[in-house]
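Some notes on the structure that comes next.
Readers should treat all values here as calculations from the given coordinates under stated rules, not as data from a laboratory. Predicted model, so just to flag it, every value in this text is computed and none were measured. Cβ coordinates were reconstructed from backbone atoms using ideal geometry, including for glycine residues, and neighbour counts include every protein chain displayed.
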């Protein structure tokens, strides 16, 4: 059983812009296929709907700017949130890319309730979401 997955993409926006976008709970609803059209249900708690199975998802976002990381605590109810998704932003120049670029990675951890099909779906969604994010960053700049 795979325990974790990571997908990455090069964005033509600087790390502070990408980081601000990724920590915005309302913008989450523009790219997260499992949490579409987010609204702030309570201060710091967002609710959205999966475009895949129409289930509601709750998300609490924990931003760690000193390390360019964001933890997404997800679950079906506010008391069931688990930190299973993480975003990491790496300034482009760190990896030899232009200074006005960055690499964005989405990391996911598989919980034991996910069968192989659901896990593969999540992995594929993250790759699509990264392309959506990159395009949104280009058009919303």
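Annotations for the structure displayed:
- Here region 51-69 and region 86-141 have alpha carbon centers that stand 12 Å from each other.
- Ratio Rg/Rh, restricted to region 80-141 and using Cα atoms, in which Rh is the Kirkwood radius: 1.07
- Volume per residue that the Cα convex hull of region 1-51 spans, once the total is divided by residue count, Å³: 122 Å³
- Residues of region 40-82 falling in the label zone of residue 124, defined by backbone nitrogen less than 15 Å from a point 7 Å along Cα to beta-carbon, are 51-53.
- Percent RCO, i.e. relative contact order, over region 85-141, from Cα pairs under 8 Å lying at least 6 residues apart: 26 percent
- Label sites at residue 138 and residue 42, each approximated as a point 7 angstrom past Cα along Cα to Cβ, lie 4.0 nm apart.
- Its relative contact order, with pairs defined as Cα atoms under 8 Å and 6+ residues apart, puts region 18-76 at 25 percent.
- Area projected by the alpha carbon convex hull of the chain, averaged over all directions, nm²: 8.4 nm²
- Adding -39500 (n - 2.57) for every DSSP H run of four residues or longer, then dividing by how many residues the chain holds, sets the calculated 222 nm ellipticity at -9000 deg cm²/dmol.
- As a length-normalised measure over Cα pairs under 8 Å and 6 or more apart, the relative contact order of the chain settles at 28 percent.
- Arranged from fewest to most other beta-carbon atoms within 10 Å of their beta carbon, 6, 125, 11 become 6, 125, 11.
- Most mobile of 44, 29, 75 in a GNM of the chain (Cα contacts under 10 Å): 44
- Residues in region 13-47 reached by a label modelled at residue 113 [backbone nitrogen below 19 Å; 7 Å Cα→Cβ]: 33-36, 46-47
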